[in-house]
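All of the numbers you see were taken from the coordinates with simple rules; none came from a lab. Small disclaimer: the values here were computed from a predicted structure and weren't measured. Here Cβ is always computed from backbone atoms with ideal geometry, including for glycine, and neighbour counts include all displayed protein chains.
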Amino acid sequence: MHRFQRKGGRLYAEGVALDRLADRLGTPLYVYSSGTIVDHYRRLRGVLRAVDPLVCYSVKANSNLAILSILARLGSGFDVVSGGELERVRKVGGKMERCVFAGVGKTQDEIELGLRFGVKAFHVESEEELDQIASVAGRKKGRRAPIALRVNPDVQAGGHAKITTGTYANKFGIPFEQIAAVYRRADANPRLHLRGIQMHIGSQITQAAPFRAAVRKMIPLVERLRGRHGLEYFDVGGGVGIVYEDALASGRDGWWKSLRAAKAMTLSEYATSLVPMLRDLKMQILLEPGRFLVGNAGVLVTEVLYRKETGRKHFTIVDAGMNDLVRPALYEAYHQIEPVGKPRPGAISTDVVGPVCESGDVFCHDRSLAPLEKGDRVAILSAGAYGFSMSSNYNTRPRPAEVLVTGTRAKVVRPREKVAALWHGEKRS
Ligand code: LLP
């Protein structure tokens, strides 16, 4: 359930009208609902309470300090993939012993930082990385580096090709068959402290079956390795999908209806398929949700600049571009687009496109939308995850402001970038 709804025809984030925010702060504008994040965090913990999981929010989905501090206050842990993300978590007072450090290419500096800050564990993705971590720890007197190996369970999880991760055609993890030998090697190294085991099969997975298959495949291995090496935790990764179609739910029922329409698993289906297996393990369980916690908690508000008709197509040109939200251009991802004001009656078929000089700068193709006019605003929904965090300054476009709404209060949590700041540090030759 999320908290973007129409009231009197106008679109609201919690108790704040989006057009009022756009009047005040301009467009494009990211707007987040803090209540949605809290709700999703609690619901996830709730359905899995039988295993009392440590939720490690995957920071890459949205790393704004305001979002991180909401989650830190709720007691969340964090899954980071760079020194930069780790510094962000530290900045908001996130607990380092609840922080896991993942990523296929950690540099020596990043490993040092993780050790210095005292992360819960490094999630290791290759034998060479394992050696590197041991050697960095070896330079610090009496220091052991906490580690878990990332297992590639070789399970097809569906989803877009660019975001599947759990098969041997991907760069991620250590192949299932090699894991036992690598743990044995790691255990022989006095510089390493073996704490857990991790898997992650992909992102935007809307069915329970791939999760169930992967966990079922992992359990015998996890049990064996726990006995042999004293592992404390099993991390089942992230990947729980969200609703992108029909995402403008009117209350709880609307949200369920959208899930049904998309034939997507509900959260309790996810939980009931995993909990019995995980409970029997009697280990600490970690999860790494990113999109599920923040995806439906954000929208990108943009203004219609122009319209044009080519004879073959109708275009609606808006002031947000692929640099602000790249998912449609990069993954052909679907994002629902809704007028911010009261929708006009009727429908048009249009491509909503941005101002960036690329044919791929398109938010939707031939979409049936309520008629729009110059100056209207639309909200691109479900943009809270991998929206701002993947944005860029391509075409020297300052990135949008970000606003966090809590009830009737709206707080700018990152101001719109200033153009002059974009060449900061550059030198004329
Ligand atoms: N854990 C690991 C090891 C991951 O690689 C990821 C995501 C997550 C957790 C969080 O996955 P989530 O719960 O958010 O699905 N930019 C793409 C998604 C890339 C996901 C990368 N890894 C998109 O916009 O769809």
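Helical runs (DSSP H, four residues minimum) scored at -39500 (n - 2.57) apiece and divided by the length of the chain put the mean residue ellipticity at 222 nm at -9000 deg cm²/dmol. Would you work out the relative contact order for the range 34-291, in percent, from Cα pairs under 8 angstrom that are 6 or more residues apart? Averaging sequence separation for qualifying contacts and normalising by length gives 20 percent for the range 34-291. Listed by chain and number, the aspartates and glutamates whose C-alpha is less than 17 Å from the C-alpha of Lys140, apart from same-chain residues fewer than 8 away, are Asp109, Glu110, Glu112, Asp131. Summarising the strand pairing of the chain, around 45 percent of its internal DSSP beta bridges are antiparallel.
Under a Gaussian network description of the chain, with springs only between Cα atoms under 10 Å, the residue in Ala379, Ala188, Ala72 that fluctuates furthest is Ala188. Could you tell me whether the range 1-136 comes out rounded, prolate or oblate from its Cα gyration tensor? Rule is a ≥ b ≥ c as square roots of the eigenvalues, rounded for a/c under 1.5, then prolate if a/b exceeds b/c, otherwise oblate. Prolate shape, in that a/c is at least 1.5 and a/b is the bigger ratio. Annotation: for a label point projected 7 angstrom from Cα along Cα→Cβ of Leu422, residues of the range 302-339 with backbone N closer than 16 Å are 319-326. Taking the chain, how much of its Cα-Cα pair set, in percent, is spaced more than 41 angstrom apart? Value for the chain: 19 percent of Cα pairs lie more than 41 Å apart. The order of Ser34, Ser273, going from fewest to most other C-beta atoms within 10 Å of their C-beta, is Ser273, Ser34. The aspartates and glutamates within cross-link reach of Lys95, meaning a Cα-to-Cα straight distance under 17 Å and a gap of 8 or more places when in the same chain, are Asp79, Glu85, Glu87, Glu288. Each of Ser368, Ser63, Ser203 was scored by other Cβ atoms within 10 Å of its Cβ. Arranged with the fewest first, they read Ser368, Ser63, Ser203.
The lysines whose alpha-carbon is closer than 26 Å to the alpha-carbon of Lys427, local same-chain residues fewer than 8 away aside, are Lys418. With neighbour counts taken as other beta-carbon atoms within 10 Å, the residues Arg228, Arg191 rank, fewest first, as Arg228, Arg191.
Legend: Rg and Dmax of the range 272-429, from Cα coordinates, 19.4, 65 Å.
Cross-link pairs exceeding 26 Å in C-alpha to C-alpha distance, out of Lys120/Lys171; Lys106/Lys263; Lys106/Lys282, comprise Lys106/Lys263; Lys106/Lys282. The 3J(HN,Hα) values that the Karplus relation (6.51, -1.76, 1.60; θ = phi - 60°) gives for the range 54-60 are, in residue order, 8, 7, 10, 4, 7, 4, 4 Hz. Gly and Pro appear as x. Taking the charge dipole of the chain about its Cα centre, with +1 at Lys and Arg Cβ atoms and -1 at Asp and Glu Cβ atoms, the residue from Pro339, Ala188, Leu422 reaching farthest to the positive side is Ala188. Mind running the shape call on the range 315-403? Use the C-alpha gyration tensor, a ≥ b ≥ c as the square roots of the eigenvalues: rounded below 1.5 for a/c, prolate if a/b tops b/c, oblate otherwise. Prolate. Close amide-amide hydrogen proximity is noted between Ile201 and Gly238, each under 5 Å apart and 5 or more residues distant or on a separate chain (H modeled in the peptide plane; Pro and chain starts excluded). Scanning residues 5 or more positions from Met265 or on other chains, those with amide H under 5 Å from its amide H are Gln207, Ala208, with H placed 1.01 Å from N in the peptide plane.
Close amide H partners of Leu149, meaning residues 5 or more places away or on another chain with modelled amide H under 5 Å apart, are Val124, Gly196, Gln198.
If you place +1 on the Cβ of every Lys and Arg and -1 on the Cβ of every Asp and Glu, how big does the dipole about the Cα centre of the chain come out, in debye to the nearest 20?
Value, rounded to 20: 1080 debye.
Which of Gly321, Gly142, Gly173 moves most in a GNM of the chain, Cα contacts under 10 Å? Ranking Gly321, Gly142, Gly173 by mean-square fluctuation puts Gly142 first.
Where does the charge balance sit around Phe117 when Lys and Arg score +1, Asp and Glu -1, over other residues with C-beta under 11 Å from its C-beta? After counting each charged neighbour, the total is 0.
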